[in-house]
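Okay, so here's the structure we're looking at.
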Amino acid sequence: MDFTGGSPAGGSRGGDARLRDTRNGAFWQRGLASRWWRGGAALLSGALPALAFPAPSWWWFAYVALVPWTLLARSAPTARRAACDGWLGGVGFMLAVHHWLLPSLHVFTLVIGVLLGLLWVPWGLLVRHLLGGRPSAGRVVAALVVLPSAWLLAELVRSWEGLGGPWGLLGSSQWQVEPALRVASVGGVWLVSLLVVGVNTAVAALVAVDRARIPAAAGIVVTALAVGSVWAWAPQPERSGAARIAVVQPGVIDGVGGAGKRFDREEALTRTLAGRGVDLVVWGESSVGHDLVDRPDLADRIARLSRDVGAQILVNVDARRSDKPGIFKSAILVGPEGPTGDRYDKMRLVPFGEYIPARGLLGWATSVGKAAGEDRRRGTSPEVLTVADGLRVGPLVCFESAFPDMSRHLTREGADLLLAQSATSTFQDSWAPEQHASLAAVRAAENGRPMAHATLTGVSAVYGPAGDRVGAPLGTDASSAAVFDAPLADGSTLYVRLGDWPVYAALAVLAALCAAEGLRSLRRPARRIPGPAVPPARRAHELPGRPGR
């Protein structure tokens, strides 16, 4: 068949069809390339904030890390595209801050990232709504308040234990910045996140919107003044003595019989603390692999250590209990006469690591990754343990140090010292150990209480009531016992007194926005929908076939 010849009429129609096909093909190719480009850009820009966390620890980068993602969502041609930019950026962010889980969870890491990325869809839509096009000064001012609130909503929802917990909250990237830690003492990590996102929003507006320069610059100035004011007047607990805390970190134990070898190493390291005047010795998570009731020989060895050192020892037992069914992770206090009866059973478990959600449906995860073969059991309540000489300690186990509400509850219950027993040996060569240890600084600043983070294989560290580091941490290459003089404090911070008020403020802002948009839509005049075109009626003399006058 000849597509180039034929009759003139037929050839013209064929040429027009081919031209249309060519143009449509080029259009869709350009559209597809554009979508792929935007999708990749969204993933990459969403991942950038992870560089503000340890190990890179570029804390200063957090204040501009969201700018590329914000500019991308702002330029979205449609609301649907802005929602997609928000989702893909959220996927990139979640994968970046949880990348160290890939060797253990494999495909589940991707699934979790894809699902949790949906939480940033509202943020992407609001970026386009408030900053898209040529926004007025009023819309820019609204963006400075609304966009941080939308970000905080995403952080709040994903902080639920079943969704992975509050790992990688943007505010926790500021763990070594003294003014930010002072802000955390007023409104917790939530208030720090709000301020960081607010600065990013102002910088994005400065870059992209000419008419927004004055309100955006004013927003940055107001944020700086607010942080300076908080730094100057925020009440801080008064220092009142110190507690001499020893942390025992056995290091990586390879080979068969790891639990027994680890115990022997912990025992040897603890003996080096004799005569050093410590008030409490802390071992890491899963430091004892047998129930002490079933193994009185181990209980006797720890009690003997307590007598030699002259201090009680807080161990962590990861074993099947003799008095209850199932496996528990428990912080147990052991004195010169044996276990004192004070214990805390871990309440919040790591999804897939310590239990599998909906095991009947997702139990196959054990065949593709290092998921829990058997679900751990949960404790029923937090506990404040009293050590000799009246020191009251609030224990947390690993994952729980990421939850602001748990340490706040322990502080309100009278804890003088916060403790986290942890084990990150599975992720020894990743960013996880340093990032986990950094959380203790934020919890200490929030509550105005010193906090010790004791691990099996590093990083172990101690922080003072203002989040300031005490002594030198034990890195992932250390096998040692270290003593830290942790300053104690009396009184409480505003965060301990007022709780998560920035979260409620953010929810109020979003509720006010929804109400304002609803009223605006009601006041907007209804758009007339044109009906079908009807030709005007003709007079009798204008009818066809009849002459006019």
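A few points about this structure:
- Search result, residues across segment 113-146 that are closer than 14 Å to ALA82 by Cα and of a type in the set (A, V, I, L, M, F, W, C): LEU118, LEU119, TRP120, VAL121, TRP123, LEU125, LEU126, VAL127, LEU130, LEU131
- Near pairs, Cβ below 7 angstrom, 6+ apart or cross-chain, from segment 202-216 (closer than 17 Å to PRO68 by Cβ) to any residue that is of a type in the set (S, T, N, Q) and modelled with pLDDT of 70 or more: ALA204/THR70
- With respect to being in contact with a Phe, Trp or Tyr (Cβ under 7 Å, 6 or more places away or on another chain) and on the phi > 0 side of the Ramachandran plot, GLY164 falls outside the description.
- Pairs, first closer than 16 Å to ARG265 by Cα in segment 278-294, second acidic (Asp, Glu) and at pLDDT below 95, C-beta under 6 Å, six or more apart: SER286/ASP318
- Note on segment 32-73: residues that are in contact (Cβ under 8 Å) with a residue 60 or more places away in the chain and either in contact with a Pro (Cβ under 9 Å, 6 or more places away or on another chain) or small (Gly, Ala, Ser) (or both) amount to 9.
- Condition check for VAL197: part of a helix (DSSP H, G or I) and at pLDDT 85 or above: yes
- In segment 34-52 there is no residue matching the filter, namely being outside any helix (DSSP H, G or I) and within 17 Å of the chain's Cα centre (by Cα).
- Condition check for PRO450: surrounded by 24 or more Cβ atoms within 10 Å (Cβ to Cβ), in contact (Cβ under 8 Å) with a residue 24 or more places away in the chain and over 23 Å from VAL387 (Cβ atoms): no
- Test: ALA208 is hydrophobic (A, V, I, L, M, F, W, C) and buried (at least 21 other Cβ atoms within 10 Å of the Cβ): no
- All of GLY15, GLY11, GLY31, GLY5 fail the test of being surrounded by fewer than 15 Cβ atoms within 10 Å (Cβ to Cβ), in contact with a Gly (Cβ under 7 Å, 6 or more places away or on another chain), part of a helix (DSSP H, G or I) and modelled with pLDDT under 95, apart from GLY11.
- Residue within segment 255-262 that is under 28 Å from GLY353 (Cβ atoms), crowded, with 21+ Cβ neighbours inside 10 Å and at pLDDT 95 or above present: no
The values are calculated or read from the model by the stated rules, or taken from the named source; none is laboratory data. Bear in mind that the values here come from a model prediction, so they are computed numbers and not experimental data. Every residue, glycine as well, gets a Cβ built from its backbone with ideal geometry; the counts of neighbours run over all protein chains shown.
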